[in-house]
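First comes the structure, then the notes that go with it.
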Amino acid sequence: MDPMTIITAAGTIISLIIPPVFDFIKKKFIPATNDTPEATMGTLATTKPETLGPYTEALAKWFDAQTRYFNRDVSGTPSLWVINLRASIRPLCVVGSFIILGLDAIKWFHVDPAVRAGCFVIIGNWLGSRIV
């Protein structure tokens, strides 16, 4: 058997299996916490309703500070086409990989084994993240 075929198969299987395994391990061994802002607001609403207003204001300021910190390198609001382009990168890679493998399958052109392996890894990773 060709070594590149073995590498391609291994990469595909690994990229297909890793997302669900990671999700399983995360759910199994990392306990879910009930300490969420929503749970705190529910508790405050029933026990100390007078503190609910200041808590939600502080929470809003905290989320706003986190958002500003996360977007610290962005000046202004990105245009809609930039937002759409960033959102379409992974789907375009998956569709492109399917097209490349399809054209290779019908012998339209010959695909290098490394490119084929990359296409299988891209598709396998996408399928693996859909299983979760």
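Observations on the model:
- From P49, P54, P113, P91, residue being loosely packed, with under 10 Cβ neighbours inside 10 Å and out of contact with any Pro (no Cβ under 8 Å at 6 or more places or on another chain): P49
- Residue match in segment 73-95 (condition: over 26 Å from the mean Cα position of the chain (by Cα) and touching a residue at least 12 places away in the same chain (Cβ under 8 Å)): no
- The sole residue among R116, R90 that is over 19 Å from T5 (Cβ atoms), in a helix (DSSP H, G or I) and either out of contact with any strand residue (DSSP E or B) (no Cβ under 8 Å at 6 or more places or on another chain) or modelled with pLDDT of 90 or more (or both) is R90.
- Residues that are within 23 Å of the chain's Cα centre (by Cα), β-branched (V, I, T) and not in a helix (DSSP H, G or I) occur at least once in segment 32-54.
- Any pair with Cβ under 7 angstrom, 6 or more apart, that starts in segment 7-23 at a residue that is within 13 Å of C119 (Cα to Cα) and ends at one that is part of a helix (DSSP H, G or I) and charged (D, E, K, R): T8/R116
The values are calculated or read from the model by the stated rules, or taken from the named source; none is laboratory data. Since this is a predicted model, take the numbers as computed values, not measurements. Counting neighbours? That spans all protein chains shown, and the Cβs are built from the backbone with ideal geometry, glycine included.
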